[in-house]
Amino acid sequence: MILELLKSVEFRSYLVANVMFRLCSSGLTVLLGFQVYDLTHSPFSLGLLGLVEALPGITLVLYGGDFADRHSRYRIVVITMALLALFAGMLALISNQGAASVVSVIYVVAFVVASVKSFQSPAATGLEAQVLPLHQALHGIPMLASSGRIAEVAGPVLAGFAWAAFGATVTYEIIAVLFAASCLCIVAGVNDHPALPGGAKGSAWQRIAEGVRYVFGSQLLLGSMALDLFAVFFAGATALLPIFALDILHVGPEGFGLLRSASAAGALVAALAATRLLPVQRAGIALHVIIALFGLCIITFGLSRTFWLSIVALFCAGLCDGTSMVIRHAILRLASPEALRGRIAAVKSVFTGSSNELGTFQSGMTASLIGAGPTLVAGGAVTLGVVGLVAWRARALLNLNLETLARPVHLDADELEAAADDPLLEIAAKQPG
């Protein structure tokens, strides 16, 4: 089945484009934070950058999801990837200016980049479903999710080493070229699928509200998003890695790259395992256990003052994060009706995408008050509490079997007629709880 998938030009093109895009996107986000802290040595400035990046992810992304459900997802993805290449090139041009002017421009560019991603992310989620049929989902999702997660954690690592070797200008130029290459992969290999007819009706507010109501009515979607939200918001170590590298562990830019490498290595192991050992039948239980272990790893990292122990803790955290990413990706793909896919992805972005930036803001503010280590210890403890709460309140998620969710629903004649007017009927029939 995997070989059959890889024979598809569309799937291969989307897979390669997705890897390059996530590599560049994650590298760009983390390097912006590293550059701001390197110029200011202020946790407050680092937190402010997170807030600037989070604002579009809280507001504009909901409209981006509605836009993706009404227009060509292919064209949205192509245009937004091209724009991100342009803005990465702009950062290369201004990176040699004075510290004060660079920081100001970084905030502006970070806001614009986050705004562009608010349209790209929902459209890319919808485009993925168009190139990966339902009957191949459980084989294709681990490949897409795992390779994407590896790229997300490897991007900052590679960018960190590039920064140390070549400087800021060349690093941003490399990112711009790779953004452009990902755009070309979509143009060359993926077809422009038309928007669904009649899939989005009413005013923009009504359409957005429809997607929000669907998420909050699904224990699978709401529970999995909540687990990710609170784990990233309270226990995300990425935002504070510059502080640990420069001020606590005293290992400099090279150590910063190695710390990120530890997470990347864990995600790589998780990705290789997920393609063969994905816990399909007990996916819900596995998701809860994995996120609880992630919280424990973050507590260990927050307490550590030894470089090797910090590396081990981040490796295990990356292992947990990479595995949970695959399961959550499968839930989003299989529990979302096609007509609402963009809007549901947008709601997910509010939960999880903006949580990265808001988590950066929260971590920066808290670290400025109580220190970086205590911030992560407290965040890991909160994550453990959230896992228990979700397990209690979302029993359908706890008992999730992905094979059941991926099984096609066969409707009788009357149900098929009703489904023509209600695109949510088929997916609703598959939802447990």
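The values are calculated or read from the model by the stated rules, or taken from the named source; none is laboratory data. Predicted model, so just to flag it, every value in this text is computed and none were measured. In this analysis, Cβ positions are derived from the backbone assuming ideal geometry, glycine residues included, and neighbour counts consider all displayed protein chains.
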_Check on residue 78, aliphatic (A, V, I, L, M) and over 30 Å from residue 10 (Cβ atoms)_ = no
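Here is a check on your reading of the model: is residue 95 polar (S, T, N, Q), in contact with a helix residue (DSSP H, G or I) (Cβ under 6 Å, 6 or more places away or on another chain), over 23 Å from residue 211 (Cβ atoms) and touching a residue at least 40 places away in the same chain (Cβ under 8 Å)? I'd like the intermediate steps shown before the answer.
Values: polar (S, T, N, Q): yes; in contact with a helix residue (DSSP H, G or I) (Cβ under 6 Å, 6 or more places away or on another chain): yes; over 23 Å from residue 211 (Cβ atoms): yes; touching a residue at least 40 places away in the same chain (Cβ under 8 Å): yes.
Here the answer is yes, as residue 95 does meet what is asked.
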_If I filter the stretch 346-359 for residues that are at pLDDT 70 or above and over 23 Å from the mean Cα position of the chain (by Cα), do I get at least one hit?_
no
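Can you tell me which residue in the stretch 272-295 is surrounded by the fewest Cβ atoms within 10 Å (Cβ to Cβ), limited to those that are outside any helix (DSSP H, G or I) and either of a type outside the set (D, E, K, R) or within 20 Å of the chain's Cα centre (by Cα) (or both)? Lay out the reasoning, then the answer.
First, the residues of the stretch 272-295 that are outside any helix (DSSP H, G or I): 278-282.
If we keep only those that are either of a type outside the set (D, E, K, R) or within 20 Å of the chain's Cα centre (by Cα) (or both) as well, we get 278-281.
On the way: 278: 21, 279: 19, 280: 18, 281: 13.
So, considering only residues that are outside any helix (DSSP H, G or I) and either of a type outside the set (D, E, K, R) or within 20 Å of the chain's Cα centre (by Cα) (or both), the one surrounded by the fewest Cβ atoms within 10 Å (Cβ to Cβ) is 281.
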*State which residue is surrounded by the most Cβ atoms within 10 Å (Cβ to Cβ) when the search covers only the stretch 377-393 and only residues that are of a type outside the set (Val, Ile, Thr) and in contact with a Leu (Cβ under 7 Å, 6 or more places away or on another chain).*
380
*What's the number of the condition residue 269 fails, among (1) modelled with pLDDT under 80; (2) in contact with a helix residue (DSSP H, G or I) (Cβ under 7 Å, 6 or more places away or on another chain); (3) surrounded by fewer than 23 Cβ atoms within 10 Å (Cβ to Cβ)?*
(1)
*asked:* I need every pair where a residue in the stretch 373-396 that is within 23 Å of residue 222 (Cβ to Cβ) has its Cβ under 7 Å from the Cβ of a residue that is in a loop (DSSP other than H, G, I, E, B) and of a type outside the set (Lys, Arg), sequence separation at least 6 or different chains.
replied: 395/433; 396/432; 396/433
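Yes/no matrix, rows are residues, columns are (1) within 23 Å of residue 232 (Cβ to Cβ); (2) part of a helix (DSSP H, G or I); (3) of a type in the set (D, E, K, R):
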| site | (1), (2), (3) |
| --- | --- |
| 26 | yes, yes, no |
| 31 | yes, yes, no |
| 69 | no, yes, yes |
| 93 | no, yes, no |
| 108 | no, yes, no |
| 120 | yes, yes, no |
| 129 | no, yes, no |
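Mind listing whichever residues of the stretch 297-345 are out of contact with any helix residue (DSSP H, G or I) (no Cβ under 9 Å at 6 or more places or on another chain) and not in a helix (DSSP H, G or I)?
First pass over the stretch 297-345, keeping only residues out of contact with any helix residue (DSSP H, G or I) (no Cβ under 9 Å at 6 or more places or on another chain): 306, 308.
Across the stretch 297-345, the qualifying residue is only 306.
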*List pairs: first in the stretch 24-53 and of a type in the set (Asp, Glu), second at pLDDT 80 or above, Cβ under 6 Å, 6+ apart or cross-chain?*
53/110; 53/114
_Only one of 188, 162 that is on the phi < 0 side of the Ramachandran plot, free of Cβ contacts under 8 Å to residues at least 40 places away in the same chain, over 22 Å from the mean Cα position of the chain (by Cα) and assigned to a helix (DSSP H, G or I)_ = 162
*When residues of the stretch 37-46 are filtered for being surrounded by 24 or more Cβ atoms within 10 Å (Cβ to Cβ) and either basic (Lys, Arg) or within 18 Å of residue 113 (Cβ to Cβ) (or both), how many remain?*
1
*Within the stretch 207-241, restricting attention to residues that are in contact with a Pro (Cβ under 9 Å, 6 or more places away or on another chain) and under 27 Å from residue 374 (Cβ atoms), which residue is surrounded by the fewest Cβ atoms within 10 Å (Cβ to Cβ)?*
238
